[in-house]
Amino acid sequence: MTAIDDLLQRHLDGPDHGAPEIPTPVPDLHVAVVTCMDARIKVFDVFGLRHGETHIMRNAGGIVTDDVIRSLSISQRKLQTREVVVMQHTSCGLATFTDDEFRDEVAADTGMRPPWAVESFRDVEQSVRLSVERVRRSPFIPHTDNVRGFVYDVRTAKITEVR
């Protein structure tokens with residue numbers, strides 16, 4: 001059995017019955033969260049979320065990329081979110097290599113360098129500041145008054161706001 005087969009079986013055996021009590025894709029708290037894909041971050045547990053309360057966007061590093069801007073624009077313009085949380089974390093995989101190292105590795109394997117930015121970083125707080133600024137400065141995101149950035153410590157579960 002593959003890992004995907006295992007996940008499908010867990011779904012069949014588990015408590016997920018969809019969300020029939022939530023009639024709309026509009027999140028109750030009108031908040032969008034951008035965070036990392038790291039499996040150690042349980043976003044629902046970190047913020048004590050309930051089903052239907054927020055939009056959650058995840059990618060490598062929790063970086064605000066063009067695709068995140070796209071999702072946030074849709075989230076705000078069509079689905080009524082008004083606040084944005086950007087949360088990156090300690091011990092992130094993106095801090096373990098450089099953009100050039102990754103691009104060189106991919107080019108050696110494929111013969112092509114990736115056309116997209118890797119956006120590795122060494123300073124997680126500076127990376128959060130950069131992502132928050134991208135949201136605030138985007139002409140496609142209409143509500144930028146309440147955009148806040150945080151670092152989540154994967155060892156202690158402490159959340160520190162980045163100013």
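The values are calculated or read from the model by the stated rules, or taken from the named source; none is laboratory data. Computed from a predicted model, the values in this text were never measured in an experiment. Note that we place each Cβ from the backbone using ideal geometry, even for glycine, and neighbour counts take in every protein chain shown.
Observations on the structure shown:
- Scanning the stretch 35-60 for residues that are touching a residue at least 40 places away in the same chain (Cβ under 8 Å) and touching a His at 6+ places or on another chain (Cβ under 9 Å) gives Thr35, Cys36, Asp38, Arg40, Ile41.
- Residue that is surrounded by 14 or more Cβ atoms within 10 Å (Cβ to Cβ), closer than 26 Å to Pro27 by Cα and of a type in the set (Ser, Thr, Tyr), where the choices are Ser120, Ser73, Ser127: Ser73
- First in the stretch 117-137 and closer than 16 Å to Val84 by Cβ and without any contact (Cβ under 8 Å) to a residue 24 or more places away in the chain, second anywhere and among the polar types (S, T, N, Q) and buried (at least 21 other Cβ atoms within 10 Å of the Cβ), Cβ under 6 Å, 6 or more apart: none
- Within the stretch 85-108, the residues that satisfy the criterion of being surrounded by 15 or more Cβ atoms within 10 Å (Cβ to Cβ) and of a type in the set (S, T, N, Q) are Gln88, Thr90.
- Selected residue [polar (S, T, N, Q) and not in a helix (DSSP H, G or I)] from Gln76, Gln88: Gln88
- When the stretch 91-118 is filtered for residues that are of a type in the set (Gly, Ala, Ser), under 26 Å from Ile159 (Cα atoms) and in a helix (DSSP H, G or I), the ones remaining, listed by number, are Gly93, Ala95.
- Of all the listed residues (Ser75, Ser91, Ser120, Ser127), the sole one being modelled with pLDDT of 95 or more and farther than 20 Å from Val162 by Cα is Ser75.
- Considering only residues in the stretch 119-163 that are in contact with a Gly (Cβ under 9 Å, 6 or more places away or on another chain) and part of a loop (DSSP other than H, G, I, E, B), the one that is nearest to Val64 (Cα to Cα) turns out to be Glu119.
- Of all the listed residues (Thr24, Thr65), the sole one being modelled with pLDDT under 95, surrounded by fewer than 21 Cβ atoms within 10 Å (Cβ to Cβ) and closer than 26 Å to Pro142 by Cβ is Thr24.
- With respect to the stated conditions, Val135 fails to be surrounded by 14 or more Cβ atoms within 10 Å (Cβ to Cβ), within 29 Å of Gly52 (Cβ to Cβ) and touching a Lys or Arg at 6+ places or on another chain (Cβ under 9 Å).
- Complete set of residues in the stretch 77-91 that are under 17 Å from Asn59 (Cβ atoms) and either within 9 Å of the chain's Cα centre (by Cα) or of a type in the set (Val, Ile, Thr) (or both): Val84, Val85, Val86, Met87, Gln88
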